[in-house]
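Engineer: Before anything else, here's the structure in question.
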Amino acid sequence: GAAGPVAQEVLAAVDKSVCNIPDNVLAKVDAKLHNAGFHPIATIKERIVAALPAETVVVDALSPVVSTAANFDSLGFPADHVSRSKSDTYYINSETVLRTHTSAHQVELMRAGHRQYAVFGDVYRRDEIDASHYPVFHQAEGVQLFDKEQLAATHDLGSEAAIGAWLEADLKGSLLKVVESVFPGELEVRWNEDYFPFTHPSWELEVLYNDAWLETLGCGIIHPDVLTRGLGADAAKRSVGWAYGLGLDRLAMILFNIPDVRLFWSTDERFHNQFTSRELVQFKPYSKYPPSYRDVSFWLPAGDGAYHVNDFYELARTIGGDLIEDVALIDEFTHPKTGLVSHCFRINYRSHDETLTNEFVDSLQHKLRIAVVADLGVELR
Ligand code: PHE
């Protein structure tokens, strides 16, 4: 199909001798799963947004096409940092990349005057594709800036150290609210020291879930050099701030019990139809093998209570077991003269492990036809 606006932006800037973006990744740059209706990633985003303080500006439509200056330099990444390499990052040309994190927008958004915001966006890192790795994923990033004098006055903080301690507590408290908004029930968490070029000090938060410690996010006190780039030297001296970034995909996998990241990119309605409630429903696996439909019609035995549709559903399960994905009553008809009622059922035979042959499906359907007559007393049409 036609390229979307981000793909067009990429194509317009491509330097063929540099660009390392494969077609399958280019095909994803306009997907914006964090804004995609009832997608599990959009649901995690909505839960986070609902838990943010009301003043927070939510930014969710920034292009993932950013400069290396924004993605790396403005955040103090050294010139030889591994994440700048073409083996880790998708380059469009030597100065333009697909953002590797939402932190790429920190300086830009500070320059635009934002002091309390949350950015949601698709981010890109070169990676293999398997059940737990995908080169496109999604992040939420929260930033809040404070005026030091104001903070000292309103919270009675007498020293830089006191301001630092208050800021750390505010960051950790704010983050816990976000994490509590996505995880159901009581939470056990732990903070570990971490390192990022653009925050100091820095921490990672781990959450205990189903007996495993999960790294959920990185955070820290914004580095003064980043504030200087975003606010200018004078305002930076008067300011402090914190930032956090959290990955949405792994959270969504854990919370919806989705076993494979590739499912997020599925266009199969059997995936998407499971999540329309916006609740943390548990994903029910479905088969990737093709369906095989067979219909059966019969006249019901006369007399009330002689037959119930559930008798048919149960009989079909007894014969087809897990190879029957679905049974649907597709037609009901009353004969104008005899008054007899006929039911037509459509059975969808499908395996989780293989493509069923027509011969095999026919043999199952044959058994079912014999059984309905023998067990339910119906007359086949
Ligand atoms: N951008 C960091 C990452 O992708 C996360 C982060 C965001 C860390 C903000 C600190 C502050 O790993």
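The values are calculated or read from the model by the stated rules, or taken from the named source; none is laboratory data. Computed from a prediction, not measured in an experiment: that's the story for all the values here. Note that we place each Cβ from the backbone using ideal geometry, even for glycine, and neighbour counts take in every protein chain shown. Each accessible area value is taken on the protein alone, full model and side chains, heavy atoms only, with ligands, DNA and RNA left out. Shrake-Rupley method; radii C 1.70, N 1.55, O 1.52, S 1.80 Å.
Engineer: Mind checking which of Gln144, Gln365, Gln282 has the largest fluctuation in a GNM of the chain, springs on alpha carbons under 10 Å?
Structural biologist: The residue with the greatest mean-square fluctuation here is Gln365.
Engineer: Can you give me the long-range amide H partners of Ala36? Hydrogens built in the peptide plane at 1.01 Å from N, cutoff under 5 Å, separation of 5 or more residues or another chain.
Structural biologist: Here Ala42 satisfy the definition.
Engineer: Follow-up question, since we're still on this one. Restricting attention to the alpha-carbon atoms of the chain, what are Rg (one decimal) and Dmax (integer), both in Å?
Structural biologist: 28.3, 95
Engineer: Whole angstrom only: what separates the Cα centroid of the range 337-353 from the Cα centroid of the range 27-75?
Structural biologist: 46 Å
Engineer: Relative contact order for the chain: what percent, with Cα pairs under 8 Å and sequence separation of 6 or more?
Structural biologist: Result for the chain is 14 percent.
Engineer: Please tell me which of these pairs span more than 25 angstrom C-alpha to C-alpha: Lys45/Lys288; Lys45/Lys284; Lys86/Lys172?
Structural biologist: Violating the 25 Å Cα-Cα cut-off are Lys45/Lys288; Lys86/Lys172.
Engineer: Check Arg126: other-chain or 5+ apart residues with amide H under 5 Å from its amide H, H built from backbone geometry?
Structural biologist: Placed amide hydrogens put Thr89, Tyr90 under 5 Å from Arg126.
Engineer: Relative contact order of the range 51-191: what whole-number percent is it, with Cα pairs under 8 angstrom and at least 6 residues apart?
Structural biologist: The normalised contact order for the range 51-191 reaches 23 percent.
Engineer: Give me the percent of accessible area attributable to carbon and sulfur for the chain, probe 1.4 angstrom.
Structural biologist: Working: 9570 of 18890 Å².
Heavy-atom surface of the chain belonging to carbon and sulfur, 1.4 Å probe: 51 percent.
Engineer: Gap in Å between the Cα centre of the range 155-178 and the Cα centre of the range 210-245?
Structural biologist: Comparing the Cα centres of the range 210-245 and the range 155-178, I get a distance of 13 Å.
Engineer: Something else: Pairs of Cα atoms under 8 Å, at least six residues apart: use those to get the relative contact order of the range 183-238, whole percent.
Structural biologist: Normalised by residue count, the contact order of the range 183-238 is 25 percent.
Engineer: Also: Helix-only mean residue ellipticity at 222 nm, the chain, DSSP H runs n ≥ 4 weighted -39,500 (n - 2.57), per residue, nearest 500. What is it?
Structural biologist: -9500 deg cm²/dmol
Engineer: How far apart, in nm, are two points set 7 Å out from the Cα along the Cα-to-Cβ line at Asp88 and at Trp265?
Structural biologist: 2.2 nm
Engineer: Which value, in Å² rounded to 10, gives the accessible area of Thr338 with a 1.4 Å probe and all protein chains present?
Structural biologist: Result for Thr338: roughly 90 Å² accessible.
Engineer: With only Lys, Arg, Asp and Glu charged, each at its Cβ (+1 for the first two, -1 for the last two), find how big the charge dipole of the range 129-210 is about the Cα centre; round to the nearest 20 debye.
Structural biologist: 100 debye
Engineer: Give me the tail of P(r) for the range 29-146 as a percent: Cα-Cα pairs with distance above 17 Å. It would help to have the intermediate numbers written out before the result.
Structural biologist: Details: 3992 of 6903 pairs.
That fraction is 58 percent.
Engineer: Sticking with this one: Looking at Phe345, Ala374, Phe283, which one has the Cα that reaches farthest to the positive end of the dipole of the range 242-381 (charges on Cβ: Lys, Arg +1; Asp, Glu -1)?
Structural biologist: The Cα lying farthest towards the positive end belongs to Phe283.
Engineer: Long-range amide H contacts for Ser239: which residues qualify at under 5 Å (H placed 1.01 Å from N, peptide plane, sequence gap of 5 or more or a different chain)?
Structural biologist: Lys148
Engineer: Rounded, prolate or oblate: which fits the range 85-211, taking a ≥ b ≥ c as square roots of the Cα gyration tensor eigenvalues, rounded meaning a/c under 1.5, else prolate when a/b beats b/c?
Structural biologist: In terms of gyration-tensor shape, oblate.
Engineer: If you filter the range 74-151 for trypsin sites (Lys or Arg not before Pro), then keep DSSP loop positions with at most 15 other Cβ within 10 Å, what is left?
Structural biologist: When the trypsin sites (Lys or Arg not before Pro) of the range 74-151 are filtered for loop state and at most 15 Cβ neighbours within 10 Å, Lys86 remain.
Engineer: So what J values fall out for the range 15-27 if you push phi through Karplus, 6.51 cos²θ - 1.76 cosθ + 1.60 with θ = phi - 60°, rounded to Hz, Gly and Pro as x?
Structural biologist: With coefficients 6.51, -1.76 and 1.60, one gets 10, 4, 6, 10, 4, 10, 9, x, 4, 5, 7, 4, 5 Hz.
Engineer: Please compute the per residue accessible area over the chain with all protein chains in place, 1.4 Å probe, rounded to a whole number of Å².
Structural biologist: Numbers: 18890 Å² over 381 residues.
That works out to 50 Å² per residue.
Engineer: Using 10 Å bins from zero, what percent of all Cα-Cα pairs in the range 266-318 falls into each bin?
Structural biologist: 15, 31, 28, 21, 5
Engineer: In addition: Taking the Cα centre as origin and putting +1 on Lys and Arg beta-carbons and -1 on Asp and Glu beta-carbons, what dipole magnitude results for the range 20-82, to the nearest 20 debye?
Structural biologist: Here the range 20-82 has a charge dipole of around 240 debye.
Engineer: How big is the charge dipole of the chain about its Cα centre, in debye rounded to the nearest 20, if each Lys and Arg gets +1 on its Cβ and each Asp and Glu gets -1 on its Cβ? Write out the running numbers ahead of the final one.
Structural biologist: Working: 33 positive and 54 negative charges, 144 e Å.
It comes to approximately 700 debye.
Engineer: Starting at the first residue of the range 148-165, write each ³J(HN,Hα) from the Karplus equation 6.51 cos²θ - 1.76 cosθ + 1.60 with θ = phi - 60°, in whole Hz, x for Gly and Pro.
Structural biologist: Once rounded to whole Hz, the list reads 4, 5, 4, 4, 4, 6, 6, 10, 6, 9, x, 8, 4, 4, 5, 4, x, 5.
Engineer: How are the Cα pair distances of the range 157-305 distributed, in percent, across 10 Å bins from 0?
Structural biologist: 9, 27, 22, 17, 12, 6, 4, 3, 1, 0
Engineer: On a C-alpha basis, how far is the centre of the range 304-324 from the centre of the range 116-144 in Å? Whole number, if you could?
Structural biologist: When both Cα centres are located, 46 Å separates them.
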